[in-house]
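Peer 1: Sharing a structure here in structure tokens format.
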Amino acid sequence: MVDQPANNSGAPAARGIGATELIARASAGDDGAMSELYALLYPEIKRVARARLAQAGGVTGLNATALVHEGFMRMADREGLQGNTRVQFFAYIGKVLRSIVIDFVRARDSEKRGGGATLLTLSHADATADASIPAVDVIALDRAVTQLRQIDEGMYQTAELHFFCGMTIEETADARGVSARTVNREILKARALLGEWLELGTA
């Protein structure tokens, strides 16, 4: 398998026409296209998986390869691919991988007597004011992100792409078809809302 060129942020880099066509075919229910798409974008998907595990503080017993494999199985066998554009694909990949990590953490922690919550930090390499949220319970954060989606779909997409898929502000703006200024504003607002909900315990 030939790796795709990586950018400095480690964010998904594949933009070829082939990937676009495969996404459309996979969304239409073509199982073969789903397999081809995963093979083509495997390096990028694996980088997203590594980022999810790193954000969760390194989940013992779950590695990036296993996470990518489970993500493929879940999408192919249980859920299928939702969306037919690059931004929708990677947003969905981020959501699926995050849900697998959360399911794993829930199952593991339920076996522990008084087991502590796995912590996750919303931080990013981009230099912005108030660049991170303190480490929080990964389960509580998932509830907060769901709450964010109910308020603003666009801001939710930005949060998924930037926080959970590792895209830079510029890449997120390009993927969503909006300005970098809009994305930066949404990031700051999303971070503030998530931080407030988590601090108050309302998520």
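Bear in mind that the values in this text are calculations on the coordinates, not laboratory data. Note that the coordinates shown come from a computational prediction; the quantities given were computed from them, not determined experimentally. Don't worry about glycine lacking a Cβ; one is built from the backbone with ideal geometry, like all the others, and counts go over all protein chains shown.
Peer 1: Among 184-191, 33-40, what's the highest-first ranking by average C-beta atoms within 10 angstrom per residue?
Peer 2: Top of the packing list down: 184-191, 33-40.
Peer 1: If you don't mind, there's one more thing I want to ask. Based on the Cβ-Cβ distance of ALA28 and ALA66, what FRET efficiency does E = 1/(1 + (r/R0)^6) give at R0 = 35 Å, to the nearest 0.05?
Peer 2: 0.75
Peer 1: Listing HIS162, HIS69 from the residue with the fewest other Cβ atoms within 10 Å to the one with the most, what is the order?
Peer 2: Exposure proxy ranking, most exposed first: HIS69, HIS162.
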